[in-house]
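The block underneath contains the structure these notes are about, expressed in structure tokens.
The values are calculated or read from the model by the stated rules, or taken from the named source; none is laboratory data. Small disclaimer: the values here were computed from a predicted structure and weren't measured. Neighbour counts are summed over all protein chains in view; Cβ atoms, including those assigned to glycine, are modelled from backbone coordinates with ideal geometry. Areas reflect the complete protein model, heavy atoms only, side chains present, ligands, DNA and RNA absent. Shrake-Rupley method; radii C 1.70, N 1.55, O 1.52, S 1.80 Å.
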Amino acid sequence: MTARRLALIAALLAVAVPAAAQTNRAGKGEFYIGPVFTDGKTTTFDGGSSVKTDTGNGLIVGYAKNLNPHLAAGVEVEWDSQDYRATVQPGAGNTNLAAQYSSYIESRTIRFYGTWNLLDKNFTPFVSGGLGWTYIDTNIPAGLPQNVCWAYPWYGAYCASYVPTQTTTKFSYNAGAGLRLDVGKGVFRLAANSQWYDFGGSYGSSNVVQYRIDFGTKF
């Protein structure tokens, strides 16, 4: 989803409701769900290896409590997936040429966040920030295929081949901004968000830019 499309949706929201309408969200909780779109990017690592990710997609589910018309606090869980193409450079003593391969990266994030709505109106811009942890599965093989069997209730024994992959869990944090529209019990949000992952060491932190549309209800 491009910035131009987001701007168009924002313009439609802006004319859909009188901006002067007072909001009734103070003191109410809200549940929401929506799609997440992650921009692709190219990243170069130590040793010259590089990865180019395609535009990814995912899903976010969350809960927030509106402490007053401006301030809300909440927790959300996000699932994301991105295809990538990697160029792997040979290491010290390796006389082979660079290798290329394609795969996909999966991530799962849980974050705690706060949101500040600039206006106490049904239609308002907002800013938000949060922190949490992200589990990342690179789908790079970390060992030989293994055949494992499980004994399931009612179903019985089931055996399958499993290839262990390189995974990691890192501290993550984010900052974003967007527009919010309250219509009765309905909640609609359009946001752009930058998410950072703290890899530590020589890699430091890396970020991705995401766009999301939330559909929710107050109670």
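Multiplying the residue separation of PHE199 and ALA177 by 0.36 nm and removing their Cα-Cα distance gives an extension gain of 5.5 nm. Let me check I've understood the local charge: for ASP54, count other residues with C-beta under 14 angstrom from its C-beta, Lys and Arg +1, Asp and Glu -1. What total comes out? Neighbourhood net charge equals -1.
Can you bin segment 161-203 into rounded, prolate or oblate? Criterion: square roots of the alpha carbon gyration tensor eigenvalues sorted a ≥ b ≥ c, rounded for a/c under 1.5, prolate for a/b above b/c, oblate for the rest. Oblate, because a/c is 1.5 or more while a/b does not exceed b/c.
Restricting things to alpha carbons, find the Rg to Rh ratio for the chain using the Kirkwood radius for Rh.
Numbers: Rg = 21.3 Å, Rh = 19.8 Å.
Taking Rg over the Kirkwood Rh, I get 1.08.
Residues in the chain average 56 Å² of solvent-accessible surface per residue, probe 1.4 Å, ligands and nucleic acids excluded. Protein heavy-atom surface of the chain, 1.4 angstrom probe: 64% of the accessible area is carbon and sulfur, with nucleic acids and ligands not counted.
Between LYS65 and LEU119, the distance separating the two model label sites (each 7 Å from Cα on the Cα→Cβ line) works out to 2.8 nm. Note on THR43/VAL75: beta-carbon distance plugged into 1/(1 + (r/R0)^6) with R0 of 25 Å gives a FRET efficiency of 0.30.
Counting alpha carbon pairs within less than 8 Å and at least 6 residues apart, what relative contact order, in whole percent, applies to segment 70-219? Mind showing how you got there, number by number?
Values: 340 pairs, mean separation 25.7, N = 150.
In percent, rounded to a whole number, it is 17.
Quick one: Cα convex hull volume of segment 94-219, Å³ per residue?
Numbers: hull volume 24.8 nm³, N = 126.
With only Cα atoms used, segment 94-219 gives 197 Å³ per residue.
Taking every DSSP beta bridge with both residues inside the chain, roughly what % is antiparallel (nearest 5)? Antiparallel: roughly 100 percent of the beta bridges in the chain.
Spacing of the modelled spin labels on THR169 and ASN147, each 7 Å from Cα toward Cβ, amounts to 3.2 nm.
Within a straight-line Cα-Cα reach of under 19 Å, LYS218 can be paired with the following lysines, leaving aside sequence neighbours fewer than 8 residues apart in one chain: LYS28, LYS65, LYS121, LYS185.
In vacuum, with every alpha carbon of segment 42-94 counted as one equal point scatterer, what does the Debye formula give for log10 I(q)/I(0) at q = 0.19 Å⁻¹? Two decimals, please. The Debye formula, applied to the Cα set alone, gives -0.77.
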